[in-house]
Amino acid sequence: MCYFVFLENTAMKKYFFILVLSALVYGCDDGDIIYTSFNFSNVDLQFCGDPGDYLFFKINDAANESLALQLGTTEELFLVSDTLAISLDGTTNVVHFRSFNGTVSADYFCDNIPPTTPDVATDFIGSDGESTLFITTVFDDNDGIPFDNSFDILGEGFGDFDEDGLPNFYDYDDDGDNVPTANEIGEDPDNPRDFDGDGFPDYLDEDDDNDGVLTRYEVSSETDLNPLDNIFDPSVNPNPDYLNPDIHNEIIVDVFRSHSYNLKTDVRVIIENLVLISETEQITREFLNMGTLVDIVNTDIAITPPFPD
Ligand SMILES: [Ca+2]
Ligand SMILES: [Ca+2]
Ligand SMILES: [Ca+2]
Ligand SMILES: [Ca+2]
């Protein structure tokens, strides 16, 4: 006869200690008493994996125990804000609660070739329950213009001034003139430069010097995507041609330069109505807060937006 015992309080622990002593003295008919704590409340959530094999896990070092949620979705997660409910099925989407006969590390879960030790002492499988991922993404073009929670096409929010598919708040060239916004603000971000005084700040002005030729067209060739370095005669006027109304050569360039923005993602994971089963025992939890992973993604993304029709 074997026992799986959960210790919820000190009184129970004392009682259990006596039980263990009895077991040591009198032996166990066909095995050992197995002690599990199932205590992960003060343990950080960790993560590894890719589409098809996502793994969220927690390790309680003191008890040599782990709790792992494996999700088989082949979707690329963490790129957009979402609330994703995934039912456990025991195979593709499964929870494992394990105790080990020694110290277990993240390598055990994340290495392609897992370490040979420690051995698993007990393995509970969770094939019933529902996991939910609360995914929060933050996009930022770091262009110096503060976020504006609006759909105004002139605001640094969800409007898309140049219709390139990137909303202004993560479009690093808001007016699509191939001069990045950060290069068009000028000295004072609170009072962005308006070179030609037409009421539109340069970063929202396609013809910055108001000479009738679009800034994007004041370049040296059809493949030149950088109006900044095109200066007709520095000895006469040090400004690039797009900020020189006396120069208005036009070369049609209807192509956007490569854009970049930063993506940061947090994810919170919960599991509800979890049923964990071993050969002889069952653990149930109505609600498990697995925790939050900050910056599970923190990356710069480069994209060349298509030119609008
Ligand atoms: Ca845009
Ligand atoms: Ca922007
Ligand atoms: Ca401009
Ligand atoms: Ca010009």
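The values are calculated or read from the model by the stated rules, or taken from the named source; none is laboratory data. What you see is a predicted model, and the numbers here were worked out from it, not measured in a lab. Cβ placement follows ideal geometry from the backbone for every residue including glycine, while neighbour counts extend to all protein chains displayed. Keep in mind that these areas ignore ligands, DNA and RNA; they rest on the heavy atoms of the full protein, side chains included. Shrake-Rupley method; radii C 1.70, N 1.55, O 1.52, S 1.80 Å.
Within segment 175-204, how many residues turn out to be away from ligand 2 (no atom under 11 Å from the Cβ), under 18 Å from E156 (Cβ atoms) and surrounded by fewer than 23 Cβ atoms within 10 Å (Cβ to Cβ)?
Final tally of qualifying residues: 12.
Going through segment 180-213 one residue at a time, which ones are among the aliphatic types (A, V, I, L, M), away from ligand 1 (no atom under 14 Å from the Cβ) and closer than 30 Å to L79 by Cα?
Of everything in segment 180-213, those that are among the aliphatic types (A, V, I, L, M), away from ligand 1 (no atom under 14 Å from the Cβ) and closer than 30 Å to L79 by Cα turn out to be A182, I185.
Count, please, the residues in segment 183-201 that happen to be away from ligand 3 (no atom under 13 Å from the Cβ) and under 21 Å from H259 (Cα atoms).
Residues that pass the stated criteria total 1.
Hey, does segment 127-149 have a residue that's at pLDDT 95 or above, surrounded by fewer than 16 Cβ atoms within 10 Å (Cβ to Cβ), among the small types (G, A, S) and over 23 Å from the mean Cα position of the chain (by Cα)?
no
Tell me which residues, restricted to segment 64-85, are out of contact with any helix residue (DSSP H, G or I) (no Cβ under 8 Å at 6 or more places or on another chain) and surrounded by 17 or more Cβ atoms within 10 Å (Cβ to Cβ).
Result: N64, E65, L67, L69, Q70, L71, L77, F78.
Check segment 229-244 and report whether any residue there is within 16 Å of ligand 3 (Cβ to nearest atom) and within 35 Å of the chain's Cα centre (by Cα).
Among the residues of segment 229-244, not one is within 16 Å of ligand 3 (Cβ to nearest atom) and within 35 Å of the chain's Cα centre (by Cα), which makes the answer no.
Can you find a residue in segment 231-242 that is open to solvent by 60 Å² or more (accessible area, probe 1.4 Å), in contact (Cβ under 8 Å) with a residue 12 or more places away in the chain and polar (S, T, N, Q)?
No, segment 231-242 contains no residue that is open to solvent by 60 Å² or more (accessible area, probe 1.4 Å), in contact (Cβ under 8 Å) with a residue 12 or more places away in the chain and polar (S, T, N, Q).
Restricting the search to segment 181-199, which residues are assigned to a loop (DSSP other than H, G, I, E, B) and in contact (Cβ under 8 Å) with a residue 40 or more places away in the chain?
Within segment 181-199, I185, P189, P192, F195, D196 qualify.
Search segment 122-151 for residues that are in a loop (DSSP other than H, G, I, E, B) and pair each with any residue that is exposed (fewer than 14 other Cβ atoms within 10 Å of the Cβ) when their beta-carbon atoms are under 6 Å apart and the residues are at least 6 apart or on different chains.
G144/P189
Given the criterion out of contact with any His (no Cβ under 7 Å at 6 or more places or on another chain), within 25 Å of T304 (Cβ to Cβ), assigned to a loop (DSSP other than H, G, I, E, B) and more than 14 Å from ligand 2 (Cβ to nearest atom), identify the matching residue among V213, V236, V219.
Only one candidate passes the filter, namely V219.
Report whether or not R216 is away from ligand 1 (no atom under 14 Å from the Cβ) and more than 17 Å from G157 (Cβ to Cβ).
It is false that R216 is away from ligand 1 (no atom under 14 Å from the Cβ) and more than 17 Å from G157 (Cβ to Cβ).
If I filter segment 252-269 for residues that are assigned to a loop (DSSP other than H, G, I, E, B), within 16 Å of ligand 2 (Cβ to nearest atom) and open to solvent by 20 Å² or more (accessible area, probe 1.4 Å), do I get at least one hit?
Among the residues of segment 252-269, at least one is assigned to a loop (DSSP other than H, G, I, E, B), within 16 Å of ligand 2 (Cβ to nearest atom) and open to solvent by 20 Å² or more (accessible area, probe 1.4 Å), which makes the answer yes.
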